[in-house]
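Asks: Quick one: the structure is below, questions incoming.
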Amino acid sequence: MVDQPLILLFVKAPARGQVKTRLAAALGEAAALELYQRFVQDILHTLEQTGIPVLICYYPPYSRPALNVWLGPEHHYLPQEGRDVGERMENAFRQAFIRDFSRVVLIGSDIPDLPAPLINEALAALHMHDAVIGPARDGGYYLIGFRNDTFFPGVFSGIAWSTGTVFRSTMEAIGKAGQRFHELPLWQDVDTIEDLKDLAARSRRSAFSSSRTMSFLAELKDAHFSLGGS
């Protein structure tokens with residue numbers, strides 16, 4: 001089999017009141033929607049730097065027209081199918097491997113400042129490991145990946161999604177399957193206003209400071225919303 005890596009990017013359709021609901025409680029639905037759209041645009045910009053093909057997996061599955069308008073029809077899209085996020089991730093991996101991709105990593109849309117070298121590290125690790133995973137500070141994970149010949153769908157079963165036990169439960173499943181895994185550095189996704197403040201603080205002197213996300217955060221501060229610090 002020819003070595004063909006792939007990145008699966010999980011996104012939601014840009015619908016007011018349906019994305020970043022915890023941030024919306026502090027910022028308002030309109031600002032939370034705009035922020036989410038900038039998150040995704042920044043992530044796509046980073047993924048383009050890797051030179052690896054990207055398959056945008058969108059939810060709900062009937063929202064393809066909205067994705068075309070938002071991100072453009074030039075991307076490759078796949079609807080998310082399944083009763084919960086675990087089934088949707090499992091099915092996305094299955095579709096990628098059916099298409100003969102050999103190394104596949106999946107990331108979400110809550111990590112706008114995830115750097116390209118970390119994604120490259122994840123894909124490179126799959127040459128020598130069965131799986132790769134990136135733990136998030138909230139107890140979940142921001143990235144997971146497998147090779148075609150080591151894909152283990154059981155890792156998505158029996159998980160209490162959206163809780164602080166997701167990473168631990170996933171690692172237990174990987175361990176029981178006897179898989180060799182590579183663990184990436186801890187990273188922080190952005191779900192709450194505290195997460196957003198942390199993103200703003202850690203990004204002021206980084207390459208991410210010129211991002212679409214940081215530009216919008218500057219506008220929020222100008223609108224008298226304090227993100228703390230200066």
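The values are calculated or read from the model by the stated rules, or taken from the named source; none is laboratory data. Just so it is clear, the model here is predicted, and its values are computed rather than measured. We place every Cβ from the backbone using ideal geometry, glycine too, and count neighbours over all the protein chains shown. All accessible areas refer to the heavy atoms of the entire protein, side chains included, with ligands and DNA or RNA removed. Shrake-Rupley method; radii C 1.70, N 1.55, O 1.52, S 1.80 Å.
Asks: Please list, in order, the residues from the range 83-107 whose amide nitrogen is less than 17 Å from a point placed 7 Å along the Cα→Cβ vector of A160.
Replies: So the set is 85-86.
Asks: Further question on the same structure: From the backbone phi of the range 183-188, what are the Karplus-calculated ³J(HN,Hα) couplings (6.51 cos²θ - 1.76 cosθ + 1.60, θ = phi - 60°) in whole Hz, Gly and Pro given as x?
Replies: 9, 7, x, 4, 9, 10
Asks: While we're on this one: With the contact rule set at Cα under 8 Å and sequence spacing of 6 or more, what percent relative contact order holds for the chain?
Replies: Value for the chain: 21 percent.
Asks: Would you mind listing how long the chain runs along its three principal axes, going by Cα atoms, in whole Å with the largest first?
Replies: Projected onto its principal axes, the Cα set of the chain covers 53, 35, 32 Å.
Asks: Out of the range 133-230, which chymotrypsin sites (Phe, Trp or Tyr not before Pro) are coil in DSSP terms and have no more than 15 other C-beta atoms within 10 Å?
Replies: W161, F225
Asks: Something else about it: Ignoring any ligand, DNA or RNA, what whole percent of the accessible area of the range 50-174 comes from carbon and sulfur when the probe is 1.4 angstrom?
Replies: Result for the range 50-174: 54 percent of the exposed heavy-atom area is carbon or sulfur.
Asks: Under a cut-off of 25 Å between alpha-carbon atoms, report the lysines in cross-link reach of K20, not counting same-chain residues fewer than 8 places apart.
Replies: Within reach: K12, K197, K221.
Asks: If contacts are Cα pairs under 8 angstrom and at least 6 residues apart, what is the relative contact order of the range 1-120 in percent?
Replies: Values: 173 pairs, mean separation 48.3, N = 120.
Answer for the range 1-120 is 40 percent.
Asks: Using θ = phi - 60° and the Karplus form 6.51 cos²θ - 1.76 cosθ + 1.60, what ³J(HN,Hα) does each residue of the range 117-134 get, whole Hz, x for Gly and Pro?
Replies: Result, ordered by residue: x, 5, 5, 5, 4, 4, 5, 5, 5, 6, 5, 10, 10, 7, 8, 9, 8, x Hz.
Asks: I would also like to ask the following. Strictly greater than 19 Å: what percent of every Cα pair in the range 110-162 meets that? Kindly include the intermediate steps, with their values, before the conclusion.
Replies: Details: 464 of 1378 pairs.
The calculated P(r) of the range 110-162 puts 34 percent of pairs beyond 19 Å.
Asks: Counting helices only, and only those DSSP H runs with n ≥ 4, report the 222 nm mean residue ellipticity of the chain as the sum of -39,500 (n - 2.57) divided by its residues, in deg cm²/dmol to the nearest 500.
Replies: Details: 8 runs with 94 residues, N = 230.
Estimated from H runs of four or more residues: -12500 deg cm²/dmol.
Asks: Working from the alpha-carbon coordinates of the range 145-206, get Rg over Rh, Rh being the Kirkwood radius.
Replies: Values: Rg = 15.4 Å, Rh = 14.1 Å.
With Rh from the inverse mean 1/r over Cα pairs, Rg/Rh is 1.09.
Asks: Hey, another quick one. Which shape class, rounded, prolate or oblate, goes with the range 82-204 when its Cα gyration tensor gives a ≥ b ≥ c as root eigenvalues, a/c under 1.5 marks rounded, and past that a/b bigger than b/c marks prolate?
Replies: Prolate.
Asks: What is the diffusion coefficient of the range 1-132 in µm²/s, taking the Kirkwood radius over Cα pairs and the Stokes-Einstein relation at 25 °C with a viscosity of 0.890 mPa s? Working shown, then result.
Replies: Numbers: Rh = 15.5 Å.
Answer from the Stokes-Einstein relation: 158 µm²/s.
Asks: In the range 59-126, how does Rg compare with the Kirkwood Rh, expressed as the Rg/Rh ratio over alpha carbon atoms? Mind showing how you got there, number by number?
Replies: On the way: Rg = 13.5 Å, Rh = 13.8 Å.
Across the range 59-126, the Cα-based Rg/Rh ratio is 0.98.
Asks: Within the range 73-116, which GluC sites (Glu not before Pro) sit in a loop by DSSP and count at most 11 neighbouring Cβ atoms inside 10 Å?
Replies: Details: sites: E74, E81, E87, E90; in loops: E74, E81.
Listed in order of number, the matching sites are E74.
Asks: Considering only protein heavy atoms, what per residue accessible area in square angstrom results for the chain with a 1.4 angstrom probe?
Replies: 47 Å²
Asks: What net charge is computed for the residues neighbouring D42, neighbours being all others with C-beta under 10 Å from the C-beta of D42, Lys and Arg scored +1, Asp and Glu -1?
Replies: With Lys, Arg at +1 and Asp, Glu at -1, the net is +1.
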